[in-house]
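The values are calculated or read from the model by the stated rules, or taken from the named source; none is laboratory data. Bear in mind the structure is a predicted one, so any value in this text is a computation, not a measurement. Methodologically, a virtual Cβ is constructed for each residue, glycine included, from the backbone with ideal geometry; neighbour enumeration extends over all protein chains shown.
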Amino acid sequence: MKKPSDDLQREQLRQRIIGLGERSLKKSYYPELQKQIRELEKTNEELKKQIAKRKKSEAIRTKLESQLRQAQKMEAIGSLAGGIAHDFNNILSAIIGYTELAGIHLQQYDKSKKPTVTHDLEGILRSADRAKQLVQQILSFSSKKTGELAPVDIKSLIVETSKMLRALIPTTISIEHDFQIANSTILADEIQLSQVIMNLGTNAYQAMRNTGGTLLFELMETAIQHDDIFYSHLGLRPGPYIILRVTDTGCGMNKKTVDKIFDPYFSTKRKEGGTGLGLSVVHGIITQHKGHISVYSEPGKGSTFWIYLPTMQNTEISDNPTEESAKLQIGSERILVVDDEVQILEILKGLLGNLHYVVTTSSSPDEALSIFCNAPESFDLLITDMNMPNMNGAELIKSVRQICPEIPVILCTGFSEFMNTENTEALGLSRYLMKPVTLKQLNTAIRGLLDT
């Protein structure tokens, strides 16, 4: 029979063995277990960081995809603008051509009504020229290229652009000018600079449309020296500059908005359909002109944009061409004119015929090539449109040049993604004219080629 003391001893022994095992296990494995726990915690933290990083990357990707869709939308608008420009320029060509023909007929046949009708015809020409500039503005929005720089009187440009703004802005907003400047000539792309003024003016209107106010354009002069601390942060080269200051008395902006105002796709007018491209385009244009733009604004106190543009000294712009330069030269050469617009053919035949040229016309490039192949010696010059069915102008020129490599050509177009002045000049003995083309432009190009 077992004694109680034996059971107690066995239990005590078992507990000692268990305790010994636990102490041994703790001594052997506890540090390793702690190490694994620390590694797991470290891995867990890294995993959290990777998850956060991935979420951030997803957010960035979503934003980039949105920007890409917006860019594709703008590209589509650019293509649409090109198509509109092509058709619109053909219409303008007819307006300008018929007006010039009427002016010629008026001088020849109806001198009694010449003053009145001439004034009306000049008005048509001015309106058509403004429409032509509008088309070029549309194209400048869809193009990444910088236009040609030429002397521009910024004072006159502001006045003319203000007239366009006046037609868009309600009379509750006054437009004022303060030009504290003598020489306002700069080297610039006039279309792009007009785009800057229109954009800033439109932004000012939107800031004042509910309350009314004043839009003020100011011009002043300054000079940046090598060691000028005041202008050092602008990153401009030393020299004379014109400052264009555009101020509105609208709602103003807080510092957070001002800091982002020139960022692409940033807009305070999302609900109204703003794209956030306007001021970023303005910034890009000013930078291309080696200038600087900044803005100062406070909520409720309006906004002022400061634009610095390098001046062009000792440059004179003549608004009235001399009588000699305005005089049209006549000729007797034989010209082949190709355009798929019958109206344009009729106009060119009348205008060039009036200058004593012998003109053959064709509305089909295939037919024109056949005419030329049959008698290449019968033509001294080829004038062709660019965008035509079956064969474009560049292809027609190439085919004609295979027969007669020395024939001079004039390429006209309302819009082309592939041809420009440089590409046309590379063809040799060529001129590139953007529709609508005036008789003076055409006459200058013709004599420039035939008299060479």
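Let's see how each residue does on (1) out of contact with any His (no Cβ under 9 Å at 6 or more places or on another chain); (2) at pLDDT 85 or above; (3) surrounded by 14 or more Cβ atoms within 10 Å (Cβ to Cβ):
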site: Ile138; (1), (2), (3): yes, no, yes
site: Lys144; (1), (2), (3): yes, no, no
site: Leu149; (1), (2), (3): no, no, yes
site: Leu157; (1), (2), (3): yes, yes, yes
site: Ala167; (1), (2), (3): yes, no, no
site: Ile181; (1), (2), (3): yes, yes, yes
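Is it the case that Leu429 is closer than 19 Å to Glu346 by Cβ and either out of contact with any Phe, Trp or Tyr (no Cβ under 8 Å at 6 or more places or on another chain) or modelled with pLDDT under 85 (or both)?
Working: closer than 19 Å to Glu346 by Cβ: no; either out of contact with any Phe, Trp or Tyr (no Cβ under 8 Å at 6 or more places or on another chain) or modelled with pLDDT under 85 (or both): yes.
Spelling it out, it is not the case that Leu429 is closer than 19 Å to Glu346 by Cβ and either out of contact with any Phe, Trp or Tyr (no Cβ under 8 Å at 6 or more places or on another chain) or modelled with pLDDT under 85 (or both).
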Selection within the range 355-375 - more than 39 Å from the chain's Cα centre (by Cα), in a helix (DSSP H, G or I) and of a type outside the set (S, T, N, Q): Ile371, Phe372, Cys373
Selected residue [under 16 Å from Val409 (Cα atoms) and part of a strand (DSSP E or B)] from Leu382, Leu352: Leu382
Residue in the range 361-384 that is surrounded by 16 or more Cβ atoms within 10 Å (Cβ to Cβ) and charged (D, E, K, R) present: yes
